[in-house]
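Asker: Mind having a look at this structure? Questions to follow.
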Amino acid sequence: MNVGRTFLIVGAAIGLACASAIVVVAIAKLRRGRVAARSRAMLAPYRHSLITMVSGEDDDGQAREALSAVSAPIWVRLRPSVVAFLPKVRGLPADNLGELMRAHGEIDEATRRLTSRSAVRRARAAYLLGLVRDPASAALVLPLLSDHVADVRLVAARALGTIGDPAAASGILDALRTQNGQIGLPAWVAAEALLAMGPGIGPVLQIGLASKDPAVRNVCAKVGGHGTYLSTVPQLRVLLATDSDGDVRVSSAVALGRVGGAHDAAILLRHTDASEPTVLRRTCATALGDLGQHESLEALAGLLADDDRRLAERAADSLVRIGPEGIVQLEMAATTGQGLSAQAAGGALEVAGLRGQLAHIAMGS
Amino acid sequence: MIQFDFLGGLARVVSAIMNVVAGPVLVYFIVVNTSLLVLMGLAGGEFLRQHRRKGYAGREEAVASQLGQGVSVVVPAHNEEVVIVTSVQALLALRFARHEVIVVDDGSTDTTFERLRRAFDLVPVSREVPSDVTTRGAVIDVHVPRDGRTRLVLVRKKNSGRSDSINVGINASIESLVVFIDADSILEPDALISVTKPFADDPTRVVATGGVIRAVNACKIVDGRMVEVRLDKAWLVRIQVVEYLRAFMLGRSGWSRFGALILISGAFGMFRRDVLVEVGGLDPDSIGEDFELVMRIHRYMIDNGRDYRVKFVAEPVSWTEVPVTVKVLRSQRKRWHRGLWETLWKYRGMLFNPRYGRVGLVALPYYWTFELIAPVLELGGFVLVVLGFALGVVNTSYALMFMAVAYGYATLVTLVAMAIEELTFHKYRRWRDLGAILMASVLENVGYRQATAWWRLEGWWASLRGRKPVWGTMTRQGFGDDSPAVAAMSRDV
């Protein structure tokens with residue numbers, strides 16, 4: 001009897017829960033359909049104006065005016081489209097969209113929300129201020145780089161990069177420090193943000209390259225190379241030769257390949273020695289191709305027979321990129337070299353041929 | 001008289017067993033279904049978190065990134081002529097800053113290679129494939145597109161199995177992240193952006209990510225892209241859709257949220273290349289190679305005192321063909337369960353070992369209790385209750401209670417999974433598809449669950465008896481992609 005009663009209770013509870021789940025599914029689907037249809041109908045009169053704005057054809061400002069005047073319920077539905085367009089446009093359309101956001105009080109609201117207790121709101125606010133690229137917002141977003149929530153720090157760094165104010169560069173580097181066992185910012189996010197800030201960050205990079213924190217040195221080395229900051233070259237040489245952190249040495253090698261001079265070929269070659277870590281050897285072989293100096297031809301040709309076949313492949317690719325003299329080295333290795341070097345050289349020449357690099361070189365010479 | 005004695009004896013045996021197991025069986029089903037609900041709750045929380053982050057996740061920035069990590073997409077292919085061109089075309093068209101596609105033709109005897117050669121104008125090159133990871137199957141040759149720039153590499157090798165082919169792909173890869181994808185899978189255009197996100201946000205700690213896999217059968221594919229999600233008419237497929245939703249999407253998201261994800265599907269998993277090389281790639285002798293790899297990574301990272309994360313991305317990223325015949329389904333489930341058993345046994349030293357944290361103390365005990373042993377209890381309980389009821393030793397109330405907690409509760413779990421799907425990703429747009437999924441979540445309990453439990457036991461038994469593992473052949477239906485572009489690329493073969 002007891003089991004029977006228990007069954008009735010359990011069965012009824014399960015049945016009720018199943019019915020509730022089905023009702024939730026049905027209501028969710030119906031509601032979504034209705035909301036979408038209603039939004040479509042409400043936004044239809046404004047779609048043309050929005051497209052005119054983002055395509056940069058709103059010469060007389062009529063479209064912006066029309067969209068600035070829409071009521072709050074319509075703006076709520078229009079806003080996601082405007083926000084979605086912002087990262088995809090530049091120049092006048094981006095400025096116009098920013099002004100449209102400002103007209104609807106979005107910038108003021110986002111500024112207020114930078115200090116919200118909700119991490120999601122803080123992140124959304126920082127993201128929006130970054131999207132509209134308002135230089136005045138940089139100082140407001142900067143404190144979020146030390147936020148206790150990783151997501152907020154990350155969005156703040158990206159926003160500062162988009163705004164592009166070099167004054168925020170040292171803040172980005174400070175944010176790289178590990179906090180409570182967690183990295184402050186991913187290196188690539190910090191590097192992208194710094195690169196977006198332009199040439200004004202040169203002095204900050206030089207200070208960063210001398211930092212005690214390897215994460216900071218690593219990012220500064222990356223940015224020094226990718227942003228072609230020639231002033232960083234002397235420090236990059238020292239870091240490649242002496243730094244205690246493997247990542248910093250690798251980033252310095254990449255950077256030297258991009259911004260170094262003839263003198264740096266010998267430095268990079270030294271680090272392709274078998275006694276060096278594999279990653280560094282491979283990176284230096286690639287960097288020598290970026291550097292494009294003739295001094296490295298023979299040494300690169302020597303690497304074609306290395307036991308590390310990935311290193312050999314990179315050396316061969318670098319020889320192709322150095323140009324006609326590198327190709328000659330490869331041809332010699334392919335025809336007269338021993339098994340391994342002939343194989344690496346042959347492969348690189350075939351790919352270069354497919355890419356049309358051999359014909360181009362033949363014509364050039 | 002003899003028959004009466006036999007039935008009487010049987011009744012006494014069943015009665016004796018039921019006296020011992022009646023309560024525990026009910027408790028087991030309550031616990032297993034409740035644990036699934038808890039995982040779904042965790043997954044729901046994770047979906048909500050990811051949904052909130054969507055507004056500022058910076059996907060466009062990730063596509064334009066100069067410094068983000070590149071991805072090598074490794075596609076092992078053995079006799080995949082039906083799907084290979086569509087699949088590779090879709091992979092090359094993925095939205096991502098920097099990715100290459102490496103197809104490893106594992107000694108196909110059909111026109112897989114020829115179709116690829118013609119479709120992408122491949123030519124042989126003397127490119128070497130390094131030996132960062134030890135492999136078995138000898139590489140025959142390497143082909144690249146004639147333009148020398150399209151980032152597609154085809155490595156032909158002697159047949160040595162899927163895992164070894166992936167290891168060859170790892171060796172051929174040059175990017176820092178490697179993703180394994182089955183040739184019969186179609187990826188969402190933003191799949192790589194979604195699955196690399198955890199690596200981008202936490203590059204030093206995240207070592208592997210998995211993505212949600214869903215059934216592609218009957219969906220509309222044009223130019224290698226999913227354009228309309230539809231539900232297959234076959235109930236066998238519909239039930240698997242329900243299963244994938246519950247176990248793959250919500251179950252694994254829940255484990256990821258809990259910080260103890262131990263299984264990333266071989267059909268779509270992304271790993272840091274350096275970690276793959278350190279652990280030695282996939283084990284070609286393992287039949288549950290995907291599970292084995294993730295377990296090996298867990299053990300390796302913890303044994304070496306490294307701070308790491310294995311994450312699951314809840315967004316649907318991969319669409320794959322699920323078996324349409326009972327024969328293929330049986331073979332698949334046998335293999336899965338055998339792989340589960342062999343891997344759990346291999347890593348039994350991690351079980352209840354506090355050194356391995358949540359993996360050793362929660363995830364592995366769960367998998368032993370509710371995944372490995374489940375078919376024994378599920379089938380045993382069912383047989384005992386049906387037999388006991390027929391013999392009159394199990395009363396109606398108990399039988400109904402068993403049905404309620406074993407099947408009614410399981411149906412509820414599935415319906416909750418469906419509700420979460422509808423509230424979050426709502427991929428099935430048609431009302432009739434939703435209706436069919438609802439129906440499938442009920443029908444799953446009538447025959448399907450019992451059959452799969454039996455097949456899983458077969459797989460386990462085969463392993464215990466030391467029988468040689470058999471991969472079986474998945475008969476591809478193709479994507480039904482008859483778009484002009486794909487038709488032109490596959491022509492004349």
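Asker: Are there any helices (runs of 4 or more DSSP H) wholly within region A:21-118 with 1 or more residues that are among the hydrophobic types (A, V, I, L, M, F, W, C) and surrounded by fewer than 17 Cβ atoms within 10 Å (Cβ to Cβ), and if so which?
Answerer: Values: elements: A:62-68, A:72-85, A:91-103, A:106-113.
The helices (runs of 4 or more DSSP H) meeting that bar are A:72-85, A:91-103.
Asker: Identify, from the list B:THR424, B:THR369, the residue that is of a type in the set (S, T, N, Q) and either within 14 Å of chain A (Cβ to nearest Cβ) or touching a Phe, Trp or Tyr at 6+ places or on another chain (Cβ under 7 Å) (or both). Before the answer, list the steps.
Answerer: Details: B:THR369 fails: either within 14 Å of chain A (Cβ to nearest Cβ) or touching a Phe, Trp or Tyr at 6+ places or on another chain (Cβ under 7 Å) (or both).
The unique qualifying residue is B:THR424.
Asker: What about B:VAL142, is it within 14 Å of chain A (Cβ to nearest Cβ) and either in a helix (DSSP H, G or I) or of a type outside the set (Val, Ile, Thr) (or both)?
Answerer: On the way: within 14 Å of chain A (Cβ to nearest Cβ): yes; either in a helix (DSSP H, G or I) or of a type outside the set (Val, Ile, Thr) (or both): no.
It is false that B:VAL142 is within 14 Å of chain A (Cβ to nearest Cβ) and either in a helix (DSSP H, G or I) or of a type outside the set (Val, Ile, Thr) (or both).
Asker: Now, a different point. So, in region B:167-200, exactly how many residues are aliphatic (A, V, I, L, M), touching a strand residue (DSSP E or B) at 6+ places or on another chain (Cβ under 6 Å) and within 18 Å of B:GLY211 (Cα to Cα)?
Answerer: 10
Asker: Any idea how many residues of region B:179-206 are surrounded by fewer than 24 Cβ atoms within 10 Å (Cβ to Cβ) and closer than 10 Å to B:VAL73 by Cβ?
Answerer: Within region B:179-206, residues that are surrounded by fewer than 24 Cβ atoms within 10 Å (Cβ to Cβ) and closer than 10 Å to B:VAL73 by Cβ number 0.
Asker: For region B:100-120, which positions are assigned to a helix (DSSP H, G or I) and surrounded by fewer than 19 Cβ atoms within 10 Å (Cβ to Cβ)?
Answerer: Of region B:100-120, the ones assigned to a helix (DSSP H, G or I) are B:112-120.
Those that are assigned to a helix (DSSP H, G or I) and surrounded by fewer than 19 Cβ atoms within 10 Å (Cβ to Cβ): B:GLU114, B:ARG117, B:ARG118.
Asker: Can you name the number of the only condition in (1) touching a helix residue (DSSP H, G or I) at 6+ places or on another chain (Cβ under 9 Å); (2) farther than 30 Å from A:GLY353 by Cβ; (3) in a strand (DSSP E or B) that B:PRO124 fails?
Answerer: Single failed check for B:PRO124: (2).
Asker: Could you please find all residues in region A:152-179 being surrounded by fewer than 19 Cβ atoms within 10 Å (Cβ to Cβ) and at the interface with chain B (Cβ under 10 Å from one of its Cβ atoms)? Write out each step before concluding.
Answerer: So the first thing to find is which residues in region A:152-179 are surrounded by fewer than 19 Cβ atoms within 10 Å (Cβ to Cβ), and the list is A:164, A:166-167, A:170, A:174, A:177-179.
Listed by number, the list holds a single entry, A:THR178.
Asker: On the given criteria, is A:ALA28 within 23 Å of A:PRO80 (Cβ to Cβ), of a type in the set (Gly, Ala, Ser) and within 11 Å of chain B (Cβ to nearest Cβ)? Explain how you work it out, then say what you get.
Answerer: Details: within 23 Å of A:PRO80 (Cβ to Cβ): yes; of a type in the set (Gly, Ala, Ser): yes; within 11 Å of chain B (Cβ to nearest Cβ): yes.
Spelling it out, A:ALA28 is indeed within 23 Å of A:PRO80 (Cβ to Cβ), of a type in the set (Gly, Ala, Ser) and within 11 Å of chain B (Cβ to nearest Cβ).
Asker: Six or more apart or on different chains, Cβ atoms under 6 Å: show the pairs whose first residue is in region A:1-21 and over 14 Å from B:ILE30 (Cβ atoms) and more than 7 Å from chain B (Cβ to nearest Cβ) and whose second is loosely packed, with under 14 Cβ neighbours inside 10 Å and modelled with pLDDT under 80.
Answerer: Pairs that qualify, where the first residue is over 14 Å from B:ILE30 (Cβ atoms) and more than 7 Å from chain B (Cβ to nearest Cβ) and the partner is loosely packed, with under 14 Cβ neighbours inside 10 Å and modelled with pLDDT under 80: there are none.
Asker: While we're here: Just for region A:290-312: of the residues that are within 27 Å of the chain's Cα centre (by Cα) and within 14 Å of chain B (Cβ to nearest Cβ), which one is surrounded by the most Cβ atoms within 10 Å (Cβ to Cβ)? Walk me through it before giving the result.
Answerer: Restricting attention to region A:290-312, the residues satisfying the condition of being within 27 Å of the chain's Cα centre (by Cα) are A:290-292, A:310-311.
Subsequent filtering for residues that are within 14 Å of chain B (Cβ to nearest Cβ) retains A:310-311.
Details: A:ARG310: 19, A:LEU311: 23.
By that ranking, first place goes to A:LEU311.
Asker: Inspect region B:18-41 for any residue being in a helix (DSSP H, G or I), of a type in the set (Gly, Ala, Ser), closer than 24 Å to B:ASP223 by Cβ and more than 14 Å from chain A (Cβ to nearest Cβ) and give the result as yes or no. Break it down stepwise before answering.
Answerer: Looking only at region B:18-41, we keep the residues that are in a helix (DSSP H, G or I), and these are B:18-41.
Adding the requirement that they be of a type in the set (Gly, Ala, Ser) leaves B:22-23, B:35, B:41.
From what is left, the residues that are closer than 24 Å to B:ASP223 by Cβ are none.
No: region B:18-41 contains no residue that is in a helix (DSSP H, G or I), of a type in the set (Gly, Ala, Ser), closer than 24 Å to B:ASP223 by Cβ and more than 14 Å from chain A (Cβ to nearest Cβ).
Asker: Find all pairs meeting these conditions: Cβ atoms under 7 angstrom apart; at least six residues apart or on different chains; first residue within region A:341-357 and within 7 Å of another protein chain (Cβ to nearest Cβ); second residue assigned to a helix (DSSP H, G or I).
Answerer: Pairs found: A:ALA344/A:ALA312; A:ALA344/A:GLU313; A:ALA344/A:ALA316; A:GLY346/A:ALA334; A:GLY347/A:ALA316.
Asker: Continuing with the same structure: Give the residue that is nearest to the other protein chains (Cβ to nearest Cβ), with candidates limited to residues of region B:178-196 that are closer than 17 Å to B:GLY281 by Cα and touching a helix residue (DSSP H, G or I) at 6+ places or on another chain (Cβ under 6 Å).
Answerer: Going through region B:178-196, the residues closer than 17 Å to B:GLY281 by Cα turn out to be B:178-182.
Still in the running and touching a helix residue (DSSP H, G or I) at 6+ places or on another chain (Cβ under 6 Å): B:178, B:180.
Values: B:VAL178: 14, B:PHE180: 20 Å.
Once the filter is applied, the top-ranked residue is B:VAL178.
Asker: Another one. Within region B:300-325, track down each residue that is crowded, with 24+ Cβ neighbours inside 10 Å and either without any contact (Cβ under 8 Å) to a residue 12 or more places away in the chain or among the aromatic types (Phe, Trp, Tyr) (or both).
Answerer: Passing the criteria: B:PHE312, B:TRP319.
The values are calculated or read from the model by the stated rules, or taken from the named source; none is laboratory data. Note that the coordinates shown come from a computational prediction; the quantities given were computed from them, not determined experimentally. Backbone-built Cβ (ideal geometry, glycine too); neighbour counts: all protein chains shown.
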